[in-house]
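Worksheet for the structure shown next.
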Amino acid sequence: MSDQLLQVDGLERHFDGLKAVDGISFSVAPGEVVSIIGPNGSGKTTTLNLVSGAIRPHGGSITLAGARIDRADSARIAEHGIARTFQNGRVFATLSVADNIEVGMHSTLTASRPFRGLSNLFLLRWIPLLGELFIAIVGTPASRREGRMIADGVDAEIHRFEARLGPRRHDPAYSLSYANRRRTEIARAMAQKPKLLVLDEPTAGMNQSETSEVLQQLLDLKAEGQAILLVEHKLDLVMRVSDRVIVMDGGRIIAEGAPEVVRHDPAVIEAYIGRRREAKRGGAA
């Protein structure tokens, strides 16, 4: 489907014989927000790991903007245009907020990364490394222009979270609150100017007020036309921000459609309510 930004077909991944992702297919259109929901262990995060290159699939294909990426590593996939945040939050603890965001722009650099295409070739990887060292020491007019672009990009992403990150732009990430570390991670991902932003539970561990702030920021990104693939347990947020919702259970897609349609799907209700009943029975035992 040429009009789709992301196309996943027959995706499979197993661990010790257990099919964590069992032949799923779905798509994300340009500017669309698609959420994946489901009970714990349903294969949601594994799906994000496959799409972002953190792990390799055992079957199926993943295409981004017409290019096959299912055999590429995470660095190459980032260069293709996918930026990812993680469920447990990952920032560089000793770097400042601004420096963390700058790291996110590395895959977009050209003047500061000469011969970058050779970095895929094992015997020739030393050439781009020497080129980067030379540019860092000597500099060129193009690399200096790129440096100014980087500074502007960092400013733009801090401005996105100005009230929270603006006063802390020079603070080390380890000194931030949990919510601000998550904001820094999202800002770092957006600094890449991705074709597809992949978010794994961006509001995990946040209180109601913090969740509302992130919801508004996601709505702002949606209004800007940013395509997003989201995994989130907070269904109110999912229903507000999503154009389409995919429901997984047991590694398979059991429902897909508009948020209000999915909310009332009997298979979805059973997947959630049935699990809760089993959990209660287990607790009583």
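The values are calculated or read from the model by the stated rules, or taken from the named source; none is laboratory data. Not measured: the values here are computed from a predicted model. Cβ: placed from backbone, ideal geometry, glycine included. Neighbour counts: every protein chain shown.
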key: Filter result (closer than 14 Å to Val238 by Cβ and aliphatic (A, V, I, L, M)) within region 27-53   = Val33, Val34, Ile36, Ile37
task = Go through region 205-254 and count every residue that is out of contact with any strand residue (DSSP E or B) (no Cβ under 8 Å at 6 or more places or on another chain), within 22 Å of Ala267 (Cβ to Cβ) and among the acidic types (Asp, Glu).
result = 2
key: Scope region 101-145; condition of a type in the set (S, T, N, Q), assigned to a loop (DSSP other than H, G, I, E, B) and at pLDDT below 70; matching residues   = Thr110
remark   = When region 1-17 is checked residue by residue, the ones that are assigned to a strand (DSSP E or B) and without any contact (Cβ under 8 Å) to a residue 40 or more places away in the chain are Phe15
inquiry  = Criterion first (of a type in the set (Gly, Ala, Ser), under 30 Å from Pro167 (Cα atoms) and not in a loop (DSSP other than H, G, I, E, B)) does Ser61 satisfy it?
reply    = no
inquiry  = List the residue pairs whose Cβ atoms are under 6 Å apart, where the first residue sits in region 226-247 and is without any contact (Cβ under 8 Å) to a residue 40 or more places away in the chain, the second is crowded, with 18+ Cβ neighbours inside 10 Å and among the hydroxyl-bearing types (Ser, Thr, Tyr), and the two are 6 or more positions apart or on different chains.
reply    = Lys234/Thr203
inquiry  = So in region 146-162, with the set limited to residues that are acidic (Asp, Glu) and at pLDDT 80 or above, which one is nearest to the chain's Cα centre (by Cα)?
reply    = Glu157
ask   = Is it fair to say Met190 is of a type outside the set (Ser, Thr, Tyr), within 30 Å of Ser242 (Cβ to Cβ) and not in a helix (DSSP H, G or I)?
value = no
query = Taking region 252-285 only, how many residues are of a type outside the set (A, V, I, L, M) and either in a strand (DSSP E or B) or at pLDDT 95 or above (or both)?
reply = 3
query = Applying the selection to region 181-199, what residues are under 24 Å from Ala98 (Cβ atoms) and either hydroxyl-bearing (Ser, Thr, Tyr) or under 11 Å from the mean Cα position of the chain (by Cα) (or both)?
reply = Thr184, Glu185, Ile186, Arg188, Ala189, Met190, Pro194, Leu197, Val198, Leu199
message = Return the residues of region 214-236 that are crowded, with 18+ Cβ neighbours inside 10 Å, farther than 22 Å from Lys195 by Cα and not basic (Lys, Arg); say none if nothing qualifies.
response = none
request  = Any residue in region 53-73 that's of a type in the set (Asp, Glu): show its pairings with residues that are surrounded by 15 or more Cβ atoms within 10 Å (Cβ to Cβ) and at pLDDT below 95 at Cβ separation under 6 Å, as long as the two are six or more apart or on different chains.
outcome  = Asp73/Gly53
ask   = Which one of the conditions (1) touching a helix residue (DSSP H, G or I) at 6+ places or on another chain (Cβ under 8 Å); (2) touching a residue at least 60 places away in the same chain (Cβ under 8 Å); (3) in a loop (DSSP other than H, G, I, E, B); (4) over 24 Å from His80 (Cα atoms) does Arg181 fail to meet, given that it meets all the rest?
value = (3)
